[in-house]
Amino acid sequence: MAKRLELTPRLRLLADWVPQGAKLADVGTDHAYLPVWLTVHGRVSSAIASDLRQGPLQRAAEHCRLYGAETVDCRLAPGLEAVSPEEADTVVIAGMGGETIASILADAPWTADGAHTLLLQPMTHAEELRRFLMDHGYSIRREALVYDRGTIYPVMEVTAGEMTLTEGQLWGGAKLLRDPLGDRYLIEKIIRLQGAVAGLNRSGVEKDRAEADRLRDILTALLEMREEWRHDNGT
Ligand SMILES: C[S@@+](CC[C@H](N)C(=O)[O-])C[C@H]1O[C@@H](n2cnc3c(N)ncnc32)[C@H](O)[C@@H]1O
């Protein structure tokens, strides 16, 4: 009998956002837990699991066998290179840096054709990903935070569209003012930026001072967003 798979909260949130009957492509799949779980639970009509590296892809194929999800199609390729637009209507890119996710999307402009839903979960540099999305014809339809083993992660549902985000929203999230973890997420960003500003202030180099000024403006925007969050959530 096939083994039973439990998803971590981060992967479970992504799974919950995949529409019933979706044609899924999970890019950078590694262990393939997400496509395996969705296939085993009858939530997708097809699933491609792709990864850049041989080791993770082998692990993905082993997990497909172990958990009884042999229909998951494992492909070795960078980004979306091995996926054609009509093979997927839902693309998940999770567990990578925001810059890497942005570069995978930049190499596959069909992801902004309006026929695809993208579920994106950056581990770092979420602000760079949000900026890329704003500048390249994507719109964040939904965003939520999930707490998983000591870390808060943003998850975004994205499609083609126009979106204008303030500097505060680029850093603090596009749609997180009602999120229960929003205050904590903002505090983490504020603390990290305060540390960066303090370091830059110690430098005698002119360009570091200019960067400190830029980060201070972002800090001000995040502090204002925190006030707004507290007001909206009655704390
Ligand atoms: C930390 S794992 C994330 C696994 C899974 N998506 C998750 O969220 O738990 C990152 C995976 O992305 C793969 N990866 C990194 N850059 C990639 C790229 N440009 N194209 C495809 N896969 C990539 C790595 O080989 C690795 O297996």
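The values are calculated or read from the model by the stated rules, or taken from the named source; none is laboratory data. None of these values were measured; they are calculated from a predicted model. Heads up, the Cβs are rebuilt from the backbone with ideal geometry, glycines too, and the neighbour counts pull from every protein chain shown. To get the accessible areas, we keep the full protein, side chains included, count just its heavy atoms, and leave off ligands, DNA and RNA. Shrake-Rupley method; radii C 1.70, N 1.55, O 1.52, S 1.80 Å.
Looking at region 164-233, the trypsin sites (Lys or Arg not before Pro) that sit in a DSSP loop and have at most 13 other Cβ atoms within 10 Å of their own Cβ are Arg178, Arg202.
What full-extension length gain, to one decimal in nm, is calculated for Asp16 and Asp213 as 0.36 nm per residue of separation minus the Cα-Cα distance? Display every interim value, and only then the final one.
On the way: separation 197, 0.36 × 197 = 70.92 nm, distance 4.06 nm.
Answer, rounded to one decimal: 66.9 nm.
Sparse packing (at most 13 other Cβ atoms within 10 Å of the Cβ) combined with a DSSP loop state is found for none of the chymotrypsin sites (Phe, Trp or Tyr not before Pro) in region 33-129. Here region 80-155 and region 32-63 have alpha carbon centers that stand 18 Å from each other.
The mean accessible area for residues of region 182-232, using a 1.4 Å probe and ignoring ligands and nucleic acids, is 62 Å² per residue.
Of the residues Ala198, Ala212, Ala82, which exhibits the maximal mean-square fluctuation in a Gaussian network model of the chain defined by a 10 Å Cα contact cut-off? Top of the fluctuation ranking is Ala198. For trypsin sites (Lys or Arg not before Pro), the sites in region 1-94 that DSSP calls loop and that have at most 13 other Cβ atoms within 10 Å are Lys3, Arg4, Arg53. Once the Cα atoms are used to define both axes, helix 206-232 deviates from the longest principal axis of the chain by about 70 degrees.
Report, in deg cm²/dmol and to the nearest 500, the calculated mean residue ellipticity at 222 nm for the chain, where each DSSP H run with n ≥ 4 adds -39500 (n - 2.57) and the sum is divided by the residue count.
-13500 deg cm²/dmol
With everything on Cα atoms, drop me the angle between helix 182-201 and the longest principal axis of the chain, reported from 0 to 90° to the nearest 10. For helix 182-201, the angle is close to 60 degrees.
In the context of the full set of protein chains, region 9-164 has a per residue accessible area of 41 Å² (1.4 Å probe).
Using the Cα gyration tensor of region 41-85, with a ≥ b ≥ c the square roots of its eigenvalues, what is the shape: rounded (a/c below 1.5), prolate (a/b larger than b/c) or oblate (neither)? Oblate, because a/c is 1.5 or more while a/b does not exceed b/c. FRET efficiency for the Lys175 to Glu86 pair, using the beta carbon distance and R₀ = 35 Å, is estimated at 0.75.
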